[in-house]
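Asks: Sharing a structure, written as structure tokens. Questions coming.
FYI, it's all coordinate maths here, none of it is from the lab. Worth saying up front: this structure is predicted, and the values here are computed from it rather than measured. We place every Cβ from the backbone using ideal geometry, glycine too, and count neighbours over all the protein chains shown.
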Amino acid sequence: MLRRIVISFCLLAVVLITEITLPAQATPPNTTGNEAQGAQSMAPGMAGVQMRARARLNWLTQELNLTDAQRGQLAPILEGEVQQMRSVLDNSSLSETERQSKLRQIRETNRPKIRAVLTPEQQKKLAEMMAQRNDF
């Protein structure tokens, strides 16, 4: 239980630090100028959400060798997940216990959606990677 709390606080710290340190005009890695320009025209918080979702998608692509079709299916799932998490983290009316519970619920809701896009081999590799990180 204590380990989960520590991991949750670390995740929260990373998200908050990323939000603070990433300038809204930064071009996300592996994007074209048009994609970055589209992110800049969004509401300020949305650009950061899109960059974090894209970073996670790039990590999954690298680790699991995703196809373009899989990337296309996962992008909206990951963007939605990051947006939901951002909303929970921004909600100052929640207690830490409620916040952690909601974040866990978001992850648990999205896991099957993510896995449904993957091949059995990719699902196995993802499970192994997440077991090592104790995160998925």
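Asks: Let me check I've understood the local charge: for residue 60, count other residues with C-beta under 11 angstrom from its C-beta, Lys and Arg +1, Asp and Glu -1. What total comes out? Walk me through the numbers before you get to the answer.
Replies: Details: positive: 54, 56, 71, 125; negative: 63.
Around residue 60, the charge tally is +3.
Asks: What is the sum of charges around residue 118, taking Lys and Arg as +1, Asp and Glu as -1, for the other residues whose C-beta is under 13 Å from the C-beta of residue 118? List each step's numbers first, then the result.
Replies: Numbers: positive: 71, 111, 113, 115, 124, 125; negative: 63, 121, 128.
That sum, taken over residues with Cβ under 13 Å, equals +3.
Asks: Each residue of segment 74-91 in turn: what ³J(HN,Hα) in whole Hz from Karplus with 6.51, -1.76, 1.60 and θ = phi - 60°, glycine and Pro shown as x?
Replies: Along segment 74-91, the couplings run 7, 3, x, 5, 5, 4, x, 4, 5, 4, 4, 5, 4, 4, 5, 5, 7, 7 Hz.
Asks: Still on this structure, please answer the following. Step through the residues of segment 92-103 one at a time and calculate ³J(HN,Hα) from phi using the Karplus curve (6.51 cos²θ - 1.76 cosθ + 1.60, θ = phi - 60°), rounding each to whole Hz and writing x for Gly and Pro.
Replies: 6, 7, 8, 6, 4, 5, 5, 4, 5, 5, 5, 5
Asks: Short version: ³J(HN,Hα) in whole Hz for each residue of segment 126-134, in order, from phi by Karplus 6.51 cos²θ - 1.76 cosθ + 1.60 (θ = phi - 60°), x for Gly and Pro, what are they?
Replies: Result, rounded to whole Hz: 4, 4, 5, 5, 6, 5, 5, 8, 6.
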